[in-house]
1. For Cys150, Cys197, what's the fewest-to-most ordering of other Cβ within 10 Å of each Cβ?
2. Non-local amide H neighbours of Glu289 (under 5 Å, H modeled in plane, Pro and chain starts lacking H): which ones?
3. Would you kindly derive the ³J(HN,Hα) couplings of the stretch 57-67 from the backbone phi angles with the Karplus curve 6.51 cos²θ - 1.76 cosθ + 1.60 (θ = phi - 60°), listing them in order in whole Hz, with x for Gly and Pro?
4. Rounded if a/c is under 1.5, else prolate if a/b is larger than b/c, else oblate: which is the stretch 194-333, with a ≥ b ≥ c the root eigenvalues of its Cα gyration tensor?
5. Treating only the Cβ atoms of Lys and Arg (+1) and Asp and Glu (-1) as charged, compute the dipole magnitude of the stretch 139-287 about its Cα centre; round to the nearest 20 debye.
6. Kindly provide the Kirkwood hydrodynamic radius of the stretch 178-235 in Å, to one decimal, from all pairs of distinct alpha carbon atoms.
7. Taking only the alpha-carbon positions of the stretch 95-331 and ignoring solvent, what does the Debye formula give for the base-10 log of I(q)/I(0) at q = 0.11 Å⁻¹?
8. For Gln261 and Ser61, FRET efficiency with R0 = 56 Å and r from the beta-carbon atoms, rounded to 0.05?
Amino acid sequence: MDQDDQKEPETVSCGNSKCNSKIAPGDDHDGDESSGAKKRKKKKKKKPQKTRKRRELMSFSELPEYMKDNEYILNYYRAEWSIRDAFFSVFSFHNESLNVWTHLLGFILFVGLTVANIMHHDKFFPVDAMNPGNAARWPFFVFLGGSMFCLLSSSICHLFCCHSHNLNIFLLRIDYAGITAMIITSFFPPIYYIFQCTPRWYFIYLAAITSMGIFTIITLLTPALSSPKYRGFRALLFASMGLFGIVPAIHALVVNWGNPQRNVTLLYELGMAVFYLVGTGFFVGRVPERLKPGWFDRVGHSHQIFHVFVLLGALSHYAAALLFLDWRDHVGC
Ligand SMILES: [Zn+2]
């Protein structure tokens, strides 16, 4: 669709704020025709122009400034599309398609896992949570909720951020808030289940990570920090929240946390850390598109790889969280 469009340079291109109007060949400017005939001609021409304006994909150089995020992705951009067109572009193939679908499918997967777990577990806030078989389920569902929020807000952001500058800024902030929510809520199952019998510790750790998350969200809400220039700083904020996990992890090992499946659980958590770090590396480094600009516009660019690693990290953590819950459920306090 987009390639066909690009073969018609004579039509009007108004996809960005700096509208470049070109006169279509065939437009008559002689005054011989009657005004009725002219009107009919105008009416006939308007329709295809409108269709083209809606669906036109453009190159990086044609984008409005606020959308110029990655100069190594050269083509297949949507810019200043209506909400309706942006919504239906979920079914077409542009450079955000796989960014939308990787996290949309991830969201659907997590909804499925949540429903399956709700049907399986019913003790969200048990009164006797210290007894075997009664471990509270809420920290596990807090994590599932945070993951779903992150994956959905990311999909929505990638789908609609082409609409306007204001919506772009708003959705980027929601996206960052989603990432932060996922990181914070990921801490809930391990910290709660490991330290359930010494509530002051899980309270201190969860309060600390939640405060860090709130600080991060507030910082990211500052408009200046949403710009491409601060990509590295944002990654650093997210990474430092992730690295905070080392503190309770060492504490858990020192107090000789007695989970018989400790090594398997740690392996899953290590997997999560590696997935997140490798994903963040792609995100910051903008590899592979940096090596061959234009080759990975629609498939294989760094942000898509980052999305896949985020999903793998979340699934790895889900497996670990299930083991934590199972273990606490069996041993009690
Ligand atoms: Zn994304």
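Any read-out appearing in this document is the output of simple, stated calculations on the displayed coordinates, not a laboratory observation. None of the values given here were measured: they were computed from a predicted structure. FYI the Cβ positions are ideal-geometry reconstructions off the backbone, even for glycines, and counts take in every protein chain you see.
1. Ordered from fewest to most neighbouring Cβ atoms within 10 Å, Cys150, Cys197 come out as Cys197, Cys150.
2. Here Ser302 satisfy the definition.
3. Result, ordered by residue: 9, 10, 8, 4, 5, 7, 6, x, 3, 5, 9 Hz.
4. Verdict is oblate for the stretch 194-333.
5. 240
6. On the way: mean 1/r = 0.0793 Å⁻¹.
Every distinct Cα pair counted, the radius reaches 12.6 Å.
7. Log10 I(q)/I(0), no solvent term: -0.58.
8. The value I calculate is 0.55.
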